[in-house]
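I have placed the structure first, in the form of structure tokens, so that the comments after it can refer back to it.
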Amino acid sequence: MNHWLTAPILIPLLGGILQALMGYAPISLRRTLALATTVLMLVSAIVLLVLADDGSYRIYAFGNWQPPFGIVLVLDRLAALMLIVTAVLALFCHIYSIGGADEGNRQFHALFLFQLMGLNIAFLTGDLFNLFVAFEVLLIASYGLLMHGGGTVRTVPGLHYVVLNLVGSAVFLISVGMIYSVTGTLNMADLAVKIPQVSGEGLNIVKAGGMMLLVVFGLKAAILPLCFWLPRAYSKATAPVAALFAVMTKVGIYAILRVYLLIFGDDAGELANLGMDWLFPIALATLAMGVIGALGSGSLKTLVAWQVIISVGTLLAPIALGSEAGLSAALFYLLSTTWTVGGLFLVSELVANQRGSAQDRIVTAPKMQNRTFLSVLFLVGAVAAAGLPPLSGFFGKVLILQSVEPGTEMAWLWSVLLIGSFLTVIAYSRAGSIVFWRTVDGHLETPDPLNGRISVAAGALTALAVVMVVLAGPITRYTDATAAQLHNNDAYIEILQTPMVREDS
Amino acid sequence: MELVFALVIGALTASGVYLILRARTFPVVVGLTLLSYGVNLFLFSSGRLATGQQPVIGTAASYSDPLPQALVLTAIVIGFAMTAFVVVLSLRNLADNEDDHVDGEQPYKSPAPEEGEVTGK
């Protein structure tokens, strides 16, 4: 039992409640407290990363109930990694939103913090039903955030997003019910023990449940047939919200990793590697689809939203192949792409603010005032996102390419990934050259000026692509260890035997 | 009882899916509600159907599984909140776009009357 595990959940919970109660307090006070909450959350995530780095599993059992009977939080390397990704992204998005994007909505900070709480529960929970609850917590906050900023353009994509996710929740519950009716447990460690023992009639029910679960996670992760809601919703959201949403698709990928490596992993008997041979072609098709969308997008934010789909495809392809090296490469790319996409959303908004009625559309417009600063940010973000050397996206993609064994899969992955990257470069260079170079004479009379907070936030998030190259050694060591840990289910199952705290001790 | 139970779940789910596929927000909301009822009943059945058994250990010789009941309770609470949200959002959609079509407006509108026809020139 380690009480630190509750910190990433309790900190945003308390901060969010405080924000909800003080909607009428001065905005500077609310901003200070909200930012302090996010910083504290980052600190707690760093503490957990240091704790998890020794390679052991730590559990926190609510009410001291021995798993599988109670709800548990489980911390391992993967959970700690996801917490760090979220906390760093959230900090910069939050700093950006304090630059003015949080105005006009008294509950923006509360929603933002509740969203973080939902994300953190999803990463820490060791229970399938609690994962559902975490999804709902982060979704209902995301519905509010998506609507933030008003405007009629957001209602229709928002409605689609909400209805789709409600249907997704219904399917999630059905699949959870199917798995429970056969195995009689929802604790992930216990499921990993029980699933291999399933036989006879129950086998097909669990199989159907598992496949439906993949559909739900696929909807969250936006894989191909379920991704059409994403570009419209993300490109219409306010910049810090869209940037924070960059981690939401990764929750789906995290859930796929957790469930399909642990519960339906190599040791799952007849259900081993369920759905993974479906996932590989779908992942490649998602990648191709994202590239086509990026080429055809008419505004910078839509372009970045399609980039989210490209990254989902790039991430899931090596995961579906199931090798340890591929998993490690995917995790490295996950870090890189989440932060880069977040940074690009913020940069697109900065560009949009400087171009008057042209906004972020890829058309000619009067010159921007801070053209040099913005173009450098966009260049760094685009290079990292498209995967050109020397930034982090390149190393992520190289690691992914190296991880495949020679064969048909290698041929498919290499060709789709490389052609896709090449076309992504074209999409970004077309957008960049029109927006930054093809300008008409004259300046906009009153552009929204850059202020310190928004430029620092956007710049820092983009610069993480450089930082990741410098720290590539330690990060790769960590992701390698994470992949090795994820492939060793026996250690995870041991949490079922962890002795609880007794009253007398 | 099993047959009736299964038929009810099937009917609720089928009607829910049918209504969700309609293009107006009100049927979609009703469809989501029906679907969530179907799902909740299904969750109940995942703990095996039984009559007259209590979900408390020690009160009877055999007891029914308490976990699905806890799951259903959570699912109902979440479902209500989400339905309330989607109702408000549909109203907002109606107010913003003056149309309750799920896309904000009908894809194929009947052509607007000519200027001359309206003024009666």
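The values are calculated or read from the model by the stated rules, or taken from the named source; none is laboratory data. Keep in mind the model is a prediction, meaning the values are calculated, not measured. Reconstructed Cβ throughout: ideal geometry from the backbone, glycine too, with neighbour counts over all protein chains shown. These area figures cover heavy atoms from the full protein model, side chains too; ligands, DNA and RNA do not enter into them. Shrake-Rupley method; radii C 1.70, N 1.55, O 1.52, S 1.80 Å.
So which residues in the range B:45-78 are of a type in the set (Gly, Ala, Ser) and within 11 Å of chain A (Cβ to nearest Cβ), if there are any at all? Once the filter is applied, which keeps residues that are of a type in the set (Gly, Ala, Ser) and within 11 Å of chain A (Cβ to nearest Cβ), the range B:45-78 yields B:Ser45, B:Ser46, B:Gly47, B:Ala70, B:Ala75.
Yes or no, residue by residue, for (1) farther than 29 Å from A:Ala463 by Cβ; (2) part of a helix (DSSP H, G or I); (3) at pLDDT 90 or above; (4) under 18 Å from the mean Cα position of the chain (by Cα):
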| position | (1), (2), (3), (4) |
| --- | --- |
| A:Leu13 | yes, yes, yes, no |
| A:Thr32 | no, yes, yes, no |
| A:Leu40 | no, yes, yes, no |
| A:Ser44 | no, yes, yes, no |
| A:Ser56 | yes, no, no, no |
| A:Ala80 | no, yes, yes, yes |
| A:Val85 | no, yes, yes, yes |
| A:Gly104 | yes, no, no, no |
| A:Phe114 | no, yes, yes, yes |
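Quick one: how many residues across the range A:184-209 are part of a helix (DSSP H, G or I), of a type in the set (A, V, I, L, M, F, W, C) and either within 14 Å of chain B (Cβ to nearest Cβ) or touching a Pro at 6+ places or on another chain (Cβ under 8 Å) (or both)?
Adding up the residues that qualify gives 5.
Condition check for A:Ile71 on (1) touching a residue at least 24 places away in the same chain (Cβ under 8 Å); (2) under 26 Å from A:Ser328 (Cα atoms); (3) among the aliphatic types (A, V, I, L, M): one failure, at (2). Filtering the range A:187-225 to residues that are hydrophobic (A, V, I, L, M, F, W, C) and over 19 Å from A:Leu261 (Cβ atoms) leaves A:Leu203, A:Ile205, A:Ala208, A:Leu219, A:Ala222, A:Leu224. Exactly one residue out of B:Gly38, B:Gly31, B:Gly16 is of a type outside the set (S, T, N, Q), within 17 Å of B:Leu73 (Cβ to Cβ) and crowded, with 20+ Cβ neighbours inside 10 Å, and it is B:Gly38. The single condition from (1) under 17 Å from the mean Cα position of the chain (by Cα); (2) away from chain A (no Cβ under 11 Å) that B:Val17 fails is (2).
Scan the range A:111-120 and tell me whether some residue there is open to solvent by 10 Å² or more (accessible area, probe 1.4 Å), touching a residue at least 12 places away in the same chain (Cβ under 8 Å) and within 14 Å of chain B (Cβ to nearest Cβ). Yes, there is a match, as at least one residue in the range A:111-120 is open to solvent by 10 Å² or more (accessible area, probe 1.4 Å), touching a residue at least 12 places away in the same chain (Cβ under 8 Å) and within 14 Å of chain B (Cβ to nearest Cβ). When the residues of the range A:168-183 are filtered to those that are touching a Gly at 6+ places or on another chain (Cβ under 9 Å) and open to solvent by 20 Å² or more (accessible area, probe 1.4 Å), the one that is farthest from the other protein chains (Cβ to nearest Cβ) is A:Val182.
Yes/no matrix, rows are residues, columns are (1) without any contact (Cβ under 8 Å) to a residue 60 or more places away in the chain; (2) closer than 26 Å to A:Gly326 by Cβ:
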position	(1), (2)
A:Lys397	no, yes
A:Ser415	yes, yes
A:Gly432	yes, no
A:Asp441	no, no
A:Ser455	no, no
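Examine the range A:18-29 for a residue that is open to solvent by 40 Å² or more (accessible area, probe 1.4 Å), among the aliphatic types (A, V, I, L, M) and modelled with pLDDT under 90, and state whether such a residue exists. Looking through the range A:18-29, at least one residue is open to solvent by 40 Å² or more (accessible area, probe 1.4 Å), among the aliphatic types (A, V, I, L, M) and modelled with pLDDT under 90.
Take the conditions within 12 Å of chain B (Cβ to nearest Cβ), open to solvent by 30 Å² or more (accessible area, probe 1.4 Å) and polar (S, T, N, Q) and apply them to A:Thr152. Does it pass?
In short, yes.
Residues checked against (1) over 19 Å from A:Asn120 (Cβ atoms); (2) open to solvent by 50 Å² or more (accessible area, probe 1.4 Å):
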| position | (1), (2) |
| --- | --- |
| A:Pro12 | no, no |
| A:Thr32 | yes, yes |
| A:Thr38 | no, no |
| A:Leu48 | no, no |
| A:Leu51 | no, no |
| A:Phe62 | no, yes |
| A:Pro68 | yes, no |
| A:Val72 | no, no |
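When A:Ala208, A:Ala239 are screened for being within 29 Å of A:Ala458 (Cα to Cα) and either among the hydrophobic types (A, V, I, L, M, F, W, C) or open to solvent by 10 Å² or more (accessible area, probe 1.4 Å) (or both), only A:Ala239 passes.
Within the range B:40-62, the set of residues being in contact (Cβ under 8 Å) with a residue 40 or more places away in the chain and either within 28 Å of B:Val102 (Cβ to Cβ) or among the small types (Gly, Ala, Ser) (or both) comprises just one member, B:Ser45. Name the residue, out of A:Gly313, A:Gly293, A:Gly356, that is under 22 Å from A:Ala221 (Cβ atoms) and surrounded by fewer than 23 Cβ atoms within 10 Å (Cβ to Cβ). Just a single option satisfies the conditions, and that option is A:Gly293.
When A:Phe132 is tested against (1) away from every other protein chain (no Cβ under 13 Å); (2) under 24 Å from A:Leu274 (Cβ atoms); (3) not aliphatic (A, V, I, L, M), just one condition goes unmet, and that condition is (1). Just one of (1) touching a Leu at 6+ places or on another chain (Cβ under 7 Å); (2) touching a residue at least 40 places away in the same chain (Cβ under 8 Å); (3) surrounded by 23 or more Cβ atoms within 10 Å (Cβ to Cβ) fails for A:Arg58. It is (3). If you go through the range B:16-33 one residue at a time, do you hit one that is under 17 Å from A:Val171 (Cβ atoms) and of a type in the set (Phe, Trp, Tyr)? Yes: one or more hits.
Kindly indicate whether B:Arg24 is basic (Lys, Arg), within 10 Å of chain A (Cβ to nearest Cβ) and either without any contact (Cβ under 8 Å) to a residue 24 or more places away in the chain or open to solvent by 30 Å² or more (accessible area, probe 1.4 Å) (or both).
no
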